[in-house]
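A quick write-up on the structure given underneath.
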Amino acid sequence: MDEMKEKKEPPINIEISDDDIYEAMKDIPGYLDITPADLKEIYKFAYRHAWQRITQSVKAHDIMTRQVFSVKKDTPLKEVAELMAKERISGIPVLEDDGKVAGIISEKDFLASMGSEDKTHFMGFVAECLSGKGCAAFPVSLQKAEDIMTSPAIIVREDTSVVEISNIFTQKNINRVPVIDTEGKMIGIVSRADIVRASLMAGKTLPKKAL
């Protein structure tokens, strides 16, 4: 996990001018033996450290979605697709009977199972269909979730920090991770949208705590 501890830049980067610094210095009573450039450097590093401290303290269980749609390994793909379409979600966990994560199905898995050469973009799949290349090479409707799911799924524990999860998203090029408890059962899911919301909330707290 060491590679996941790399430093990240704050999500909100506010450029501070020399005039801003001068005005701020005039608001402080007494004499200050410090230049605007020094103060800007201090603020920049303080801001970064504050952001890292706050985001490291936010864990998966603080931001995860607790009501998660999921399917079982023997769920027909037709039902999986209908559920994903109805709820407008692009990925869904596949669970064992005991609640542990067996895998995960994304739109990419559907595209690959239907014989699409472009396994990353839905419109690439549509283009193949319209060009008559045969977009349903396999009888997908007869398959089950376990037939196309990505397994093992990448998962995180409920005490995993937001920074670590963000690094996982970047390194693995994924958009969501199931969250498990100490017994290995899924208790929620964290998406990129959850990370963005957490980062924005952290940024909002910084102006009064950064220095």
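The values are calculated or read from the model by the stated rules, or taken from the named source; none is laboratory data. Since this is a predicted model, take the numbers as computed values, not measurements. A quick note on method: Cβ atoms are made from the backbone with ideal geometry, for glycine too, and the neighbour counts reach across all protein chains shown. The accessibility values were calculated without ligands, DNA or RNA, using every heavy atom of the protein model including side chains. Shrake-Rupley method; radii C 1.70, N 1.55, O 1.52, S 1.80 Å.
Here are the numbers:
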| quantity | calculated |
| --- | --- |
| Qualifying residue in segment 53-73 (condition: at pLDDT 85 or above, among the charged types (D, E, K, R) and more than 21 Å from Ile187 (Cβ to Cβ)) | no |
| Filtered residues of segment 77-102 (kept if open to solvent by less than 50 Å² (accessible area, probe 1.4 Å) and under 14 Å from Gly184 (Cβ atoms)) | Pro93, Leu95, Gly99, Val101, Ala102 |
| Sole exception among (1) at pLDDT below 70; (2) within 26 Å of Thr75 (Cα to Cα); (3) open to solvent by less than 40 Å² (accessible area, probe 1.4 Å) for Pro139, by number | (3) |
| Of all residues in segment 170-180 being in contact (Cβ under 8 Å) with a residue 24 or more places away in the chain and surrounded by fewer than 18 Cβ atoms within 10 Å (Cβ to Cβ), the one that is nearest to the chain's Cα centre (by Cα) | Asn175 |
| Counted residues, segment 138-157 - those being closer than 29 Å to Thr182 by Cα and touching a residue at least 60 places away in the same chain (Cβ under 8 Å) | 9 |
| Given (1) more than 21 Å from Asp194 (Cβ to Cβ); (2) at pLDDT below 75; (3) open to solvent by 80 Å² or more (accessible area, probe 1.4 Å), number of the condition Ile16 does not satisfy | (3) |
| Flag if Thr182 is modelled with pLDDT of 85 or more and of a type in the set (S, T, N, Q) | yes |
